[in-house]
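The structure appears below as structure tokens.
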Amino acid sequence: MVRLDKNKIQSGLGRRTKEEASSSNIDTSKSQNSNSELEKFSLYVLKVLMDENIPPTPNNFQIYFEKLLDNKPLSFKKRINDLLEAESVNEDEHRAKMEMEVKEGFGQIKSIMKVVSTVYKNINVMKEILKKRTAELEVSSAQLSVTSIASALNEDLKKLSGLMEKQMTTLKVHYEKTGSILKEIESKAVFDSRFGVYNRRYLLQSIANECKSIEQFRHRSTLVLVKIKDAILNKIINQKDRMILTRNIAKLLLKTSRRSDVVAHYGEGVFGMLMRHTDINSAKKACERISDLIYLTNFFIGDMEVDTDIELAIVPISPNHTTELLVSVALDSLPKTGKRLEPYIVCELDEEDSSKEENDS
């Protein structure tokens, strides 16, 4: 028999309770320290906004919060990010998710229509078969009863066909209305579901809005364009494989961007990153981070490893130039960059371009 020493049990429980309390106190202390760090950092962000004469709006605070956090040690960034993990997803991300669901719903409706169309065709085939068999039965007068039954079936089928035609007409009306609504939503979409980033429309609109903001508050923002070199893509024969590589590049751009940055697919495999409240020097550092991340990542298409080469161009956002010109200047500079060329180019905007735009308009 084993005897339990009550005194030892009680002392053990007491010791464990003390250890748990001590552990709880440490956790509470860590939490308090993290909150204190967050408060101090938030006050620092607010001070920088005031020193730079930037309106402390929620949007500007978020941009500067992320911008200044980049300059802090990794351990500090981790502690702050752990506190922010519970933050809700922003409105644009909700909208992007909604648009993906709408597109999926549109696909489901089209699938339903295909099934209904197939059923309708099958009924027509049945009608034709019945007509053929009825004609064969009518040849023989000795089979009047069989002919009568076939005629009755034919009439029933006609009624069924009439009902189906009405249902199809009603269904078609509903389908066309639904299609019209979904196309209207799609025309206002801001998300490119192929790459998991914003689309061209949203990028151009964001640049135009940023131009107005810069004109009012005089801060600096930049646009970076990124593209896989055509020479690399041309080596990949399969279009699906090209798309996979391009998607992976988009994922890495999202990974290296701040939440306040706008990462979008401009078109033809060109991605844009609008970095608000970011000067040229900070944009250069961002391009270096992008290059390092992409070149240090191994990309495989089947068993073949792809030696990736990208183009990068930086252009300052200027309210004196149109959005189209800003993007055009960066697009023209892209082919001049690459792994064996300049890693990136900073595009210079001439006042002549601005005056030329005014004359053209």
*asked:* Tell me yes or no: at least one residue of segment 211-226 is under 27 Å from residue 347 (Cβ atoms), at pLDDT 75 or above, acidic (Asp, Glu) and open to solvent by less than 80 Å² (accessible area, probe 1.4 Å).
replied: no
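So for segment 274-293 (the condition being of a type outside the set (Ser, Thr, Tyr), over 25 Å from residue 219 (Cβ atoms) and buried (at least 19 other Cβ atoms within 10 Å of the Cβ)), does at least one residue qualify? Spell out how you get there, then give the answer.
First pass over segment 274-293, keeping only residues of a type outside the set (Ser, Thr, Tyr): 274-277, 279-281, 283-290, 292-293.
Adding the requirement that they be over 25 Å from residue 219 (Cβ atoms) leaves 292-293.
This time we only want the ones that are buried (at least 19 other Cβ atoms within 10 Å of the Cβ), so: none.
No, because not a single residue in segment 274-293 is of a type outside the set (Ser, Thr, Tyr), over 25 Å from residue 219 (Cβ atoms) and buried (at least 19 other Cβ atoms within 10 Å of the Cβ).
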*What residue, among those in segment 239-262 that are hydroxyl-bearing (Ser, Thr, Tyr) and open to solvent by 20 Å² or more (accessible area, probe 1.4 Å), is farthest from residue 192 (Cα to Cα)?*
256
*Kindly establish whether residue 317 is within 25 Å of residue 71 (Cβ to Cβ), modelled with pLDDT of 95 or more, of a type in the set (A, V, I, L, M) and open to solvent by 30 Å² or more (accessible area, probe 1.4 Å).*
no
*Filter segment 67-106 down to the residues that are among the polar types (S, T, N, Q) and modelled with pLDDT of 75 or more, then identify the one that is surrounded by the most Cβ atoms within 10 Å (Cβ to Cβ).*
81
*With respect to residue 193, is the statement that it is in contact with a helix residue (DSSP H, G or I) (Cβ under 9 Å, 6 or more places away or on another chain), modelled with pLDDT under 90 and within 30 Å of residue 290 (Cα to Cα) true?*
yes
_Filter segment 341-361 down to the residues that are modelled with pLDDT of 95 or more and basic (Lys, Arg) and list them by number._
none
_Complete set of residues in segment 183-207 that are open to solvent by less than 30 Å² (accessible area, probe 1.4 Å) and part of a helix (DSSP H, G or I)_ = 203, 206, 207
*With respect to residue 121, is the statement that it is touching a Lys or Arg at 6+ places or on another chain (Cβ under 9 Å), open to solvent by 80 Å² or more (accessible area, probe 1.4 Å) and modelled with pLDDT of 75 or more true?*
no
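The values are calculated or read from the model by the stated rules, or taken from the named source; none is laboratory data. Quantities reported herein were computed from a predicted structural model and do not represent experimental measurements. All Cβ positions, even for glycine, are placed from backbone atoms using ideal geometry, and neighbour counts span all protein chains on display. Heads up: the accessible areas ignore ligands, DNA and RNA and are worked out on the full protein's heavy atoms, side chains in. Shrake-Rupley method; radii C 1.70, N 1.55, O 1.52, S 1.80 Å.
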